[in-house]
Amino acid sequence: MGNTLVIKGLNGEKRLRGTVNITGAKNAALKVIAATVLFKDTVKLENIPEIDDVFRMLELLKEMGAEVSHPRLGSYTIAVPKKLSTELPFEIAKRMRASIVVTGPVLARFGKVSFPHPGGCLIGSRPVDLFIEGFEKMGAKVVLEDNIYTVTTKDGLRGTEFFLKNQSVTVTETFMMAGVCARGTTVIKNAAMEPEIEDLAHFLISCGAKISGAGTPIITIKGGKLLSAAGRTYKTMPDRIDAGSFLILGALAAKELHITNCNPLHLEAVIESLRSAGVTIETKKTEIIVRSPATLHSVDIKTHEYPGFPTDLQAPMTVFLTQADGESMVFETIFEGRLNFTEALSAMGAQITMMDPHRVLVRGKSALRGRKLKSPDLRAGLAFVIAAIVAKGESVIHNVDTTIDRGYEDVDNRLRAIGVSVERIEQSE
Ligand code: UD1
């Protein structure tokens, strides 16, 4: 079954209005699900987004032997038994890159883990060298055979000091979790500082972990024990990429849009860029109110590790810049290949020149025309939805179930509620 969204464009009209409620963060939920492997008792999770990536991650743990229950929407409990399979189910792990974060806790607790080279979005080469180097530094042996990594330790992982050559989010999380069960002290230098890492650390600390510095470039973990939730519940932080995507849509096409249940402090780089482009944005503690002005101005953006401009919002922002007067440079510094989606925007009428694989020059303002699009990945997929809403005429976006649905909950209903004409067609292949 393939799903398609059919969107009737607004032809530049700025008439979206209403309220969009932001879901729990995908990139926090996936990691806390992996972290349940570090617990000797049941962990309760709330505000978990009901999205395909979460379902796959839960399926992965279930196949390894964890007990998962789902008492109501957004709410899960996970109990990991004393014996868990140390083999990540290959089919799921291959399709989902984030599954690699499970390797740290499984190796640290059970002394062994095997996993395939992970898959995920088609955005650049996405290597795993930092994971492998890290496991080896913590005293593990890594063997690669037929595209499967098998990692073993003789007498458990031992704490060590790393300097990460790239500030990788999942590498930081994997070793922060591994450090909780490793012997001695683990220090991660040049750690990523994304809010999801800090959020995970807070929960682990509340359950007995000794972690300091999460949210800064140096994280120290004193290890050596399993954690106990003792009835505590983890409540997932709001998804800053979900919020940022609706913020950019509002900046383009809203009379007045209220984005609720979000944390504006996590979106400062985006809010700053949109304000420079002339957008009116008001922030409250957990809400952002956005109105699109008559004229938008060009602004250069450069993606960067947090707190810089998030690479996951580069694609929607590039769509935004097609509607801004003047020339804007988009510099994607994190992933090569993440600007390839701009070809489809050019086919819709945008004026975009690829300078090199990391930079495009956008000349605006261009009238976009609706057309047939194939969503290449999760984030570019949502950018196509935004382009389709702004464009003139109808757009048909294929491939939605294997891309957009992986990371955005109930996207069509939330769009419809603010005035977008969108219809989902479920098709057999
Ligand atoms: C995470 C997010 C993703 C976001 C990205 C950057 C999750 C599930 N996904 O992805 O949404 O786009 O952060 O904010 O949280 N690298 C290496 N060697 C490695 C691993 C990574 O060189 O072993 C490099 C990558 O090629 C890339 C950089 O590190 O250039 C950052 O990637 P990374 O932070 O690892 O991305 P993910 O954690 O996969």
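Accessible area of the chain with a 1.4 Å probe: how many percent of it is carbon plus sulfur? Answer for the chain: carbon and sulfur cover 49 percent of the accessible area.
Couplings 3J(HN,Hα) for the stretch 355-367, derived from phi with the Karplus relation 6.51 cos²θ - 1.76 cosθ + 1.60 (θ = phi - 60°), are 7, 6, x, 10, 9, 10, 9, 10, 10, x, 9, 10, 7 Hz, where x marks Gly and Pro.
A straight line joining the Cα centroids of the stretch 18-92 and the stretch 397-421 runs 22 Å. Between residue 227 and 39, 40, the built amide H atoms are under 5 Å apart, and every one of these is 5 or more places off in sequence or on another chain. Overall size of the stretch 1-156 from C-alpha positions, given as principal axis extents largest first: 64, 37, 30 Å. Each residue of the stretch 266-271 is assigned a 3J(HN,Hα), and the resulting list reads 7, 10, 4, 4, 6, 4 Hz, derived from the Karplus form 6.51 cos²θ - 1.76 cosθ + 1.60 (θ = phi - 60°), x at Gly and Pro. If the limit is 28 Å between Cα atoms, which of 8/285; 137/225; 44/255; 285/374; 26/154; 154/210 go over it? Those over the limit are 8/285; 44/255; 285/374; 26/154.
Taken one residue at a time, the phi angles of the stretch 222-231 give Karplus couplings (6.51, -1.76, 1.60, θ = phi - 60°) of 9, x, x, 8, 7, 9, 10, 6, 6, x Hz. Gly and Pro are set to x. In a DSSP loop and with at most 11 other Cβ atoms within 10 Å, the trypsin sites (Lys or Arg not before Pro) in the stretch 236-295 are 284, 285.
Here the contact order of the stretch 121-247, divided by its residue count and restricted to Cα pairs under 8 Å and six or more residues apart, works out to 19 percent. Cα axis of helix 26-35 to longest principal axis of the chain: angle in degrees, 0 to 90, nearest 10? The angle comes out near 10 degrees. When DSSP beta bridges are restricted to pairs lying wholly in the chain, around 70% turn out antiparallel.
Contact order for the stretch 26-235, expressed relative to its length and based on alpha carbon pairs under 8 Å spaced 6+ residues apart, stands at 21 percent. Return one number: the angle in degrees, 0 to 90 and rounded to the nearest 10, between the long axis of the Cα atoms of helix 52-64 and the longest principal axis of the Cα atoms of the chain. Its long axis makes an angle of about 20 degrees. Computed on the stretch 63-176, with alpha-carbon pairs under 8 angstrom and 6+ residues apart, the relative contact order is 23 percent.
Here the chain is treated with +1 on each Lys and Arg Cβ and -1 on each Asp and Glu Cβ, and its dipole about the Cα centre works out to around 620 debye. Solvent exposure of the stretch 26-235 amounts to 40 Å² per residue of accessible area, where only protein heavy atoms count and the probe is 1.4 Å.
The values are calculated or read from the model by the stated rules, or taken from the named source; none is laboratory data. On a predicted model such as this, the values are computed, not experimentally measured, just so you know. Every residue, glycine as well, gets a Cβ built from its backbone with ideal geometry; the counts of neighbours run over all protein chains shown. Surface accessibility is based on the protein's heavy atoms, side chains included, excluding ligands, DNA and RNA. Shrake-Rupley method; radii C 1.70, N 1.55, O 1.52, S 1.80 Å.
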